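Q: Once you've had a glance at the structure underneath, I'll fire off some questions.
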Amino acid sequence: MHTCTKCHKDPSVYFRAYSGEYLCKKCFVRSIEDKTARTMSKYSMLKYGERVAVGVSGGKDSLSLLYVLKKIFDEHDRGKDDLIAVTIDEGIKGYRDESLEIVKDFCLQLGVQGKIMSYKDLFGVSMDEAMVLRPSEKKMSSCSMCGTFRRRAIDLAAESVGADVVATAHNMDDQLQTFMINLLAGDVERIGWIYPEPIEYAGGMKKIKPFVELYEHEIVFYALQREIPFQSEECPYMNESIRTDLREFFNKMEGEHPGIKNNAYASMMKVSEKLRASFTEPRGDKKCRLCGRDSTGDVCSVCKTTKSLLGQASQIDR
Ligand code: SF4
Ligand code: ZN
């Protein structure tokens, strides 16, 4: 049994291979909370007084983020309504119902307001229905369709509660995968969007990712140590994507060379920052001609997807 390398008092519960530290429970959870606060200040994520909507799905990352932000807000005497959980109900029977209950109970326990919005109400179609309706000739993967809807739904939910900022629980592993996916797809411009310093543009919601400098497996361990309840059930529509391969690749590399994710992340952020600096036009200066929201083309991806799905709505057994 090792003693904690930081406090030299309590027995360690965690070995941080990349730093060689043995940490007790108290020092481990504090390291996660301090790192989150440092990341937020390093990238100027929040200004005092901004109201934050946290995208909470019921998974370990998002519930942990809500917990950590609540703690930071309490320490800074922030108002009760400055932090709100927004949850999106995709309409996936058997899967989403359980997590909605977990989120509701956890918000109550923390004393945080919660808001739930559904795909069905917002876009007229649930994920269960979308899976039946998606045109077979166009390859629409469940997760890309769902991701398109989710980003918009979170924006709409955040706007409806008067938030200035949307916080999501993307971690370092997510960022590494996204970087590689864009690189492998030749989508260089998108790499500039990964850099964690939020861009503020007229009419847009500021997006922040306070967990970007944390390893995914440390967030899982944090949730366990803090006894944060989370859904472990997997979505029935999850598709095996290149993201899964990249996750396995980086985890294997980290296992053999502790700290390699940190190094890769630091290099990727340098590249991303350089690309960000080369942006001349703010994103979203075009508007979708159907819904009027920010869009990169004439019609936004949400409108394209709903049109293509609901064009076939007669197939739904109502
Ligand atoms: Fe949506 Fe894919 Fe997540 Fe399921 S796994 S909730 S389909 S993004
Ligand atoms: Zn649109």
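The values are calculated or read from the model by the stated rules, or taken from the named source; none is laboratory data. These numbers were taken from a predicted model, which means no experiment stands behind them. Neighbour counts are summed over all protein chains in view; Cβ atoms, including those assigned to glycine, are modelled from backbone coordinates with ideal geometry. Side chains are part of the model used for accessible areas, which takes the heavy atoms of the whole protein and leaves out ligands, DNA and RNA. Shrake-Rupley method; radii C 1.70, N 1.55, O 1.52, S 1.80 Å.
Q: Just to be sure I understand the model, the point goes 7 Å from the Cα along the line to the Cβ. What's the resulting F15 to I260 distance in nm?
A: Calculated label separation equals 1.9 nm.
Q: Taking only protein heavy atoms into account and a 1.4 Å probe, give the accessible area per residue of segment 43-286 in Å².
A: Numbers: 11850 Å² over 244 residues.
In whole numbers, segment 43-286 has 49 Å² accessible per residue.
Q: Give the separation of the Cα centroids, segment 174-235 to segment 48-99, in Å.
A: Taking the Cα centre of segment 48-99 as reference, the centre of segment 174-235 is 15 Å away.
Q: Among the listed pairs K35/K115; K25/K274; K209/K252; K25/K206, give every one whose C-alpha distance is greater than 31 Å.
A: The answer is K25/K274; K25/K206.
Q: Rounded to the nearest 500, what is the chain's calculated 222 nm mean residue ellipticity when only DSSP H runs of at least 4 contribute -39500 (n - 2.57) each, over all residues? The partial results should precede the final answer.
A: On the way: 12 runs with 151 residues, N = 318.
Helix-only estimate at 222 nm: -15000 deg cm²/dmol.
Q: Taking R0 as 30 Å, what's the FRET efficiency between S136 and D97 from their Cβ-Cβ distance, rounded to 0.05?
A: The calculated FRET efficiency here is 0.60.
Q: Same structure, new question: Please report, as a whole percent, how much of the solvent-accessible surface of the chain comes from carbon and sulfur atoms (probe radius 1.4 Å).
A: Carbon with sulfur: 51 percent of the solvent-accessible area.
Q: To the nearest 10 degrees, how steep is helix 172-185 against the longest Cα principal axis of the chain, on a 0 to 90 scale?
A: It is inclined by approximately 50 degrees.
Q: Next question, about the same structure. Within segment 177-200, which residues have the backbone N less than 14 Å from the label spot 7 Å out from S241 along Cα→beta-carbon, could you tell me?
A: Once the point is set 7 Å along Cα→Cβ of S241, 177-185 turn out to lie under 14 Å by backbone N, inside segment 177-200.
Q: Any of K104/K304; K80/K207; K104/K207; K26/K104 with alpha carbons more than 30 Å apart? Name them for me.
A: Long pairs (Cα-Cα over 30 Å): K104/K304.
Q: Which FRET efficiency, nearest 0.05, do K307 and D77 yield, Cβ-Cβ r, R0 41 Å?
A: 0.30
Q: Then there's this: Helix 260-277: angle to the longest alpha-carbon principal axis of the chain, degrees 0 to 90, nearest 10?
A: Here the helix axis deviates by roughly 50 degrees.
Q: Return one number: the angle in degrees, 0 to 90 and rounded to the nearest 10, between the long axis of the Cα atoms of helix 216-225 and the longest principal axis of the Cα atoms of the chain.
A: Rounded to the nearest ten degrees, it is 70.
Q: Apply 1/(1 + (r/R0)^6) to the Cβ-Cβ distance of H2 and V299, taking R0 = 41 Å, and write down the FRET efficiency to the nearest 0.05.
A: The value I calculate is 0.10.
Q: Ignoring solvent entirely, what values of log10 I(q)/I(0) come out of the Debye formula for the chain at 0.07 Å⁻¹ when each Cα is a single scatterer?
A: Taken in order of the listed q values, log10 I(q)/I(0) reads -0.30.
Q: May I ask you to work out the translational diffusion coefficient for segment 101-180 at 4 °C, viscosity 1.567 mPa s, via Stokes-Einstein with Rh from the Kirkwood sum over Cα pairs, reported in whole µm²/s?
A: This corresponds to a translational diffusion coefficient of 86 µm²/s.
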